[in-house]
1. Tell me which residues, restricted to segment 89-117, are open to solvent by 60 Å² or more (accessible area, probe 1.4 Å) and closer than 20 Å to E169 by Cβ.
2. Exactly one condition in (1) in contact with a His (Cβ under 8 Å, 6 or more places away or on another chain); (2) more than 19 Å from R160 (Cα to Cα) is false for G108; which is it?
3. Scan (1) aliphatic (A, V, I, L, M); (2) open to solvent by 60 Å² or more (accessible area, probe 1.4 Å); (3) in contact with a Cys (Cβ under 7 Å, 6 or more places away or on another chain) for the single condition V132 breaks and write down its number.
4. Among the residues of segment 162-190, what is the count of those that are open to solvent by less than 10 Å² (accessible area, probe 1.4 Å) and either at pLDDT below 90 or not in a strand (DSSP E or B) (or both)?
5. Of all residues in segment 89-120 being in a loop (DSSP other than H, G, I, E, B) and under 17 Å from I189 (Cβ atoms), which is nearest to the chain's Cα centre (by Cα)?
6. Hey, among the residues in segment 32-88 that are at pLDDT 85 or above and surrounded by fewer than 10 Cβ atoms within 10 Å (Cβ to Cβ), which one's nearest to the chain's Cα centre (by Cα)?
7. Sort out which residues of segment 127-158 are within 18 Å of Y103 (Cα to Cα) and in a loop (DSSP other than H, G, I, E, B), and write them in order of number.
Amino acid sequence: MDVLDVESAEQATQPGGGRARHRRPRARRRLLHIGVATLVVVLLVFWYALSREHTPHDPRAYPGSQSQDLPGTLHRYHLGLPDCAARGVRYHRYAEWEADSFYLHFTGDRHCMNQFLALNGMFLTGKRTESVGLPFDAKTTAGFGWPQDPERRYRSLRHRPPSGEVLVEVAVALYESGDAAEVYLHAGIV
């Protein structure tokens, strides 16, 4: 007959022959791993929900434009857009640190162009010049598909809309062909 010591005797009397003691640490480790994995998944879902863009992208925005919608962007730059221009308008907004700029283009008739100028206080004010080619950075505007023809002539004007806290500088280039007109705008917060 084998002689058992006290520890072996206690293990022999436990159900499963002493294996219960080894199962508990494994079960605890397994629960701990499941808990950590669940916590990581919950944190990833939370991060994804917060970092996702909540406002849908405006189809009138050029690729790469920041997500602010057109009405919000126009408000930020103290500008308005007449109803006649709303259908064919395209825009681009870029804001990072101190660089804050806005590009806008629409086509319409001369009446619509004049409405836009009057709505924004530019009809009778602002320094008007004539330029050959668009008076904006060609590298930027080429990405929007704006014409790069150096022979095309534009009436240009610069304007600073009256504003409270934010100082906005606006440059507009107007191209007229018969009764049709195109408006190109670059605005920046100074």
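1. Correct list: Y94, E96, W97, E98.
2. (1)
3. Here V132 meets the rest and fails (3).
4. 1
5. My answer is W97.
6. That would be P63.
7. G133, L134, P135, F136, D137, G143, F144, G145, W146, P147, Q148
The values are calculated or read from the model by the stated rules, or taken from the named source; none is laboratory data. Please read all numbers here as calculations on a predicted model, not as lab measurements. Ideal geometry is used to build each Cβ from the backbone, glycine not excepted, and the neighbour counts take in all protein chains shown. The protein model used for the area step is the full one, side chains on, heavy atoms only, and it has no ligands, DNA or RNA in it. Shrake-Rupley method; radii C 1.70, N 1.55, O 1.52, S 1.80 Å.
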